[in-house]
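Step one of this worksheet: look at the structure below.
The values are calculated or read from the model by the stated rules, or taken from the named source; none is laboratory data. For clarity, every value in this text was computed on a predicted model and none was experimentally measured. Counting neighbours? That spans all protein chains shown, and the Cβs are built from the backbone with ideal geometry, glycine included. For the accessible areas, the whole protein counts, side chains as well, though only heavy atoms, and no ligand, DNA or RNA atoms are used. Shrake-Rupley method; radii C 1.70, N 1.55, O 1.52, S 1.80 Å.
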Amino acid sequence: MDEFDAIRSDDGPQAPLPVGSTALETAILSRLDDDKAQDIVLIDLKGKSPMADTMIIASGRSHRHVGALADHLQRTLKETGLGKVKVSGLPHCDWVLLDAGDVIVHLFRPEVRAFYNIEKIWSVESGHRVDARA
C-alpha cells in the first residue's frame, strides 16, 4: 500500500495516512499504522511553535491499546537509533504524550481526544485531515 491509499478498517474507508518528511516522522507514522492506530493526523508546526517541528495525533481503541502504541513507539525509536523519547501519561493511558524532540506524539482514547480536541487548537479541520506538506 502506498502512502496515498486509503486505510480500511472494520468501519469502512478512512482518510489517507499523512506522509512524514523526516526519518523520525516516517518511523513514527509507520509504527502507528502497523499497530492499527486510528485517525492519524500530522500537523506541521514549523513557524507556528518553537517546541517542535511536527505534532502527530492518533487514537487507540482502549487504555491497553494506547499503552501498547506508546510502548511500541518507544522501542522502535530506540532500536532504530532515532533518539530517546520522554513519555507522560502511561499509568492511565487516556492521553499519552511522547516527546521525541522534533516530533511530539499525542495518543488518545477516542472520547478523551474528542473532549480535548487539540486539532482545533492548531486549526486542523477534523473532517478533512491531510498532510499539509503534500
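Within segment 44-86, the set of residues being charged (D, E, K, R) and touching a residue at least 24 places away in the same chain (Cβ under 8 Å) comprises ASP44, LYS48, ASP53, ARG61, ARG64. When restricted to residues that are more than 19 Å from ALA114 (Cα to Cα) and open to solvent by less than 20 Å² (accessible area, probe 1.4 Å), segment 33-49 contains 1. Give segment 92-116 a look and list any residue that's assigned to a loop (DSSP other than H, G, I, E, B) and either open to solvent by less than 70 Å² (accessible area, probe 1.4 Å) or aliphatic (A, V, I, L, M) (or both), or say none. Those that are assigned to a loop (DSSP other than H, G, I, E, B) and either open to solvent by less than 70 Å² (accessible area, probe 1.4 Å) or aliphatic (A, V, I, L, M) (or both): CYS93, ASP94, ALA100, GLY101, ARG109.
Only one of the listed residues (VAL124, VAL85, VAL66, VAL130) is modelled with pLDDT of 90 or more and not small (Gly, Ala, Ser). That residue is VAL66.
For SER30, are the conditions met, namely being of a type in the set (Ser, Thr, Tyr), open to solvent by 50 Å² or more (accessible area, probe 1.4 Å) and modelled with pLDDT of 90 or more? It is true that SER30 is of a type in the set (Ser, Thr, Tyr), open to solvent by 50 Å² or more (accessible area, probe 1.4 Å) and modelled with pLDDT of 90 or more. When restricted to residues that are among the β-branched types (Val, Ile, Thr) and surrounded by fewer than 17 Cβ atoms within 10 Å (Cβ to Cβ), segment 76-86 contains 1.
Every test in (1) open to solvent by less than 80 Å² (accessible area, probe 1.4 Å); (2) without any contact (Cβ under 8 Å) to a residue 40 or more places away in the chain; (3) closer than 19 Å to GLU25 by Cα is passed by GLY89 save one, and that test is (3). Scanning segment 31-49 for residues that are more than 10 Å from the chain's Cα centre (by Cα) and in a helix (DSSP H, G or I) yields one hit, ASP34. Provide a single number: the residues in segment 101-122 that are farther than 16 Å from ASP53 by Cα and either in contact with a Leu (Cβ under 9 Å, 6 or more places away or on another chain) or not β-branched (Val, Ile, Thr) (or both). Here the count works out to 11.
Number of residues in segment 50-75 that are open to solvent by 10 Å² or more (accessible area, probe 1.4 Å), in a helix (DSSP H, G or I) and under 16 Å from ASP94 (Cα atoms): the value is 6.
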